[in-house]
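Structure record follows, encoded as structure tokens.
The values are calculated or read from the model by the stated rules, or taken from the named source; none is laboratory data. Computed from a predicted structure; not experimentally measured. Note that each Cβ is placed from the backbone with ideal geometry, even for glycine, and that neighbours are counted across all protein chains shown. Note: areas computed on protein heavy atoms with side chains; ligands, DNA, RNA excluded. Shrake-Rupley method; radii C 1.70, N 1.55, O 1.52, S 1.80 Å.
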Amino acid sequence: MSALSNKSRASWLRFAFGCLLGAATFLLLYGTTPLDVTNDAWLRGGFVEKDCIQHYTGWLFYRQSKLGLPLCTADGINWPQGLSVAFTDSIPLFAALFRLLSPLLPGTFQYFGLFSFLCYALQGGFAALLLGLFVQKLPLVLLGTVPFVFSPILVERTFRHPSLAAHFLILAALYYYIRGRRERRCFFPGLFALNCLTIGVHPYFVPITYALTAALALECAAASRKPLPCLGSVAGNLAGTVAVGWLFGLFTGSASGGSEVEYGYFGMNLNALWNPTSRWSTVWSRVLPVQNQTGGNYDAFNYLGLGVLLAGIVLLVWSAVHWRQTLALWRRHWALVLVCLCLTVFAVSNVVTANGATLFTLPLPHVLVRLATTFRSSGRLFWPVYYLIFLSCLVFLLRRLPSVRWAALGLAALAAVQLWDISPALLTRSREMRQYQTEYQTPLISAFWQQAAGQYQHILSLDGLQEEPLFLALWAADNGLTTNDPFAARWDEAALAAQRQQQIDSLLAGQPQEGCLYLVQDEGLFLQLAEVLQDQALCAKLDDTWYIIAPGMNYDGGDVQRYGDAYPLRICDYTDSLWDHGVLTREAPYQTVLFYDCAFTRRRLEGMQALRADGVDYPILNVDDKDAGWLMVTLDIPDAHTLQGKELESIA
């Protein structure tokens, strides 16, 4: 009992010091700015990437919603159905907690900085626990923890996608896997809690932690020859995860929308481990050159860092020389090897890329593609393999160097090379956060939005996804409006389509819904609706960006083009295999342009002899309306591409 107690105290000590190291790393990199819960400027401005606007906006909507079960359903998103803030990546676990505490919180409150701080602390804590399974001495454990808390993929995700910075969940799952193999047990209360709570952080961590849980269960079942207890353990974990998922609203309604980019686009490039590049121009290596990528490979950023890469090369050479020991190790951990192989294949995807080339695309059944598209950013599922590479390199140094002193020197050298190599990226992120301005620039600067905020209760998008959807959603949340604009990562596609069609039908019948401000993306639909509603609503193009239908609004700003006799005629901004932004490109000369077939366009073209742009007249040679919904006009013009984006005048 005493020995067990001492072992437990040692583990807690390692965990505590690891957490302190992780917390110190966070403060060193980002300072205390993100820990100020009343400072939301960096979230509103889209620090690193605009996606954090989505996360914060989801919290704002939920904070204004009524409490009920399931939790985390924000009434103002995907109105009138509502949507779980799990689909705005707003960290449901924290959203639910702080929604309950909302009456005690200040008016402006953000928890994303606190969550990120906790991620770094727990990253250090679980890295220390993980390494403590291989070495007892605390200084060695903390030296080995350094690469984990400065992990490139952790730093790259921090404040870009705050919920995806919870890499400690992966380290914790690895810890329980190794403990379980040694103790020949597959159930741990901590692993159960981990699997249950993972879905309350971000759904992408669910297949990651369950892959490691499944590996443990399979190996324990094979070793004990008693599969039922292991299967029961996994089933119990799944039941708990499903219950927590229901509690946080992940199963409320359908989440079929938002997956237009199919599985394969965000696959992991074969050069990802040694390619120091992500989506932005951040310098991730002082030594290695940036290599090409293709498609969405940037989201599968998995650069190991020079220190780990060098140690990994040594490990590979040793493994090749001592191949019998390597095979024996793989046989003992056969399920883990299988899981890592599956995760790697899924991460690479069926669209296999190397540098800037697509090597081949493996055809898959449509049903499998749709299923895999649930986790469309497949490169993220490589993270457990990534951290196993870290762990393998560190354990190799601990086991193969001749003494504790040499092991300490080896770990220190790895950490030093690693930090020196990625230091430009660390300094960039630190400088960006510390110098971030307290003000942010929203594109919604027109006085129209100020007036609309006090006049409407709902802002409804009638088609597509509006320009600057995240800033629109943020404006709606700030001003207490609901929105149906699909700015979340997922939404109920069928319900939204049906609702939009019902709204369009009502507007075409001249019956706008009370308290609703309408936005239209497609100019053709706008022209149809404006023809009906021009006498009872402000129908205009605002800031050359948004088509708006604002019933009952009197607005005289100079930043709107009102629908009416003075509204300009433009060619369609339509592109497919034959049309280039409204110009027919089947063969030269390019003289045919495309217009929407509606009452407005026909009035402008009927009986007209020419179209004028920039003072030059171009005679109309032919008007063709055989394709329903379109008018194709052939002009006497050398190249109609010169008319793209121009305001046209019809000449009799």
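A few remarks follow.
- 25 °C / 0.890 mPa s Stokes-Einstein diffusion coefficient of region 545-587, Kirkwood radius on C-alpha pairs, µm²/s: 185 µm²/s
- Rounded if a/c under 1.5, otherwise prolate or oblate - region 354-477, Cα gyration tensor axes: oblate
- The residue list Leu304, Val314, Leu481 was ranked by how far each Cα lies along the charge dipole of the chain toward its positive end, using unit charges on Cβ atoms, and Val314 comes out on top.
- Computed magnitude of the charge dipole of region 498-652 (debye, nearest 20; Cβ of K, R +1, Cβ of D, E -1): 180 debye
- Here the accessible area of region 1-138 is 67 percent carbon and sulfur, with a 1.4 angstrom probe and all protein chains present.
- Taken along its principal axes, the alpha carbon cloud of region 277-369 reaches lengths of 43, 40, 18 Å, longest axis first.
- Asp478-Val242 FRET efficiency (beta carbon distance; Förster radius 35 Å; 0.05 resolution): 0.50
- Taking a quarter of the surface of the Cα convex hull of region 78-212 gives a mean projected area of 10.4 nm².
- Divide the volume of the convex hull around the Cα atoms of region 528-569 by the residue count and you get 74 Å³ per residue.
- For region 363-383 and region 178-220, distance of Cα centres in Å: 22 Å
- Accessible surface for the chain, divided over its residues, is 43 Å² per residue with a 1.4 Å probe.
- Simple label model, 7 Å out from Cα along Cβ direction - Gln435 to Leu419, nm: 2.3 nm
- Of the solvent-accessible surface of region 535-603, computed with a 1.4 Å probe over protein heavy atoms with every protein chain present, carbon and sulfur atoms account for 42 percent.
- Considered as an equivalent ellipsoid built on the Cα gyration tensor, region 2-89 has semi-axes of 37, 21, 10 Å, the largest given first.
- Calculated [222 nm] ellipticity per residue, helices only, for the chain: -15500 deg cm²/dmol; basis is -39500 (n - 2.57) per DSSP H run with n ≥ 4, divided by all residues, nearest 500.
- In degrees, nearest ten, helix 112-132 long axis to first principal axis of the chain (Cα): 30 degrees
- Nearest-ten-degree value, helix 51-64 long axis tilted from longest Cα axis of the chain: 80 degrees
- Within the accessible surface of region 215-315, defined with a 1.4 Å probe on protein heavy atoms only, the carbon and sulfur portion equals 68 percent.
- Per DSSP, loop trypsin sites (Lys or Arg not before Pro) in region 561-591 with at most 12 further Cβ within 10 Å: Arg586
- Region 421-564 pair-distance distribution - Cα-Cα, 10 Å bins, rounded %: 10, 38, 29, 11, 8, 3, 0
- Cα centroid separation - region 401-473 against region 134-151, whole Å: 28 Å
- Axis of helix 189-198 versus longest Cα principal axis of the chain: the two differ by about 10°, to the nearest ten degrees.
- Calculation over all alpha carbon pairs of region 565-652 in 10 angstrom steps from 0 returns a P(r) of 18, 58, 23, 1 percent.
- Nearest-0.05 FRET efficiency for Ala412 and Ala16, computed from C-beta distance (R0 30 Å): 0.85
- Fraction of alpha-carbon pairs over 24 Å apart in region 156-259 - percent: 28 percent
- When only alpha carbons of the chain are considered, Rg and Dmax amount to 28.9, 100 Å.
- Rounded to the nearest 20 debye, the dipole magnitude of the chain is 5560 debye, with +1 charges on Lys and Arg beta carbons, -1 on Asp and Glu beta carbons, and the Cα centre as origin.
- Gyration tensor (alpha-carbon) shape descriptor, region 40-154, a/c threshold 1.5: prolate
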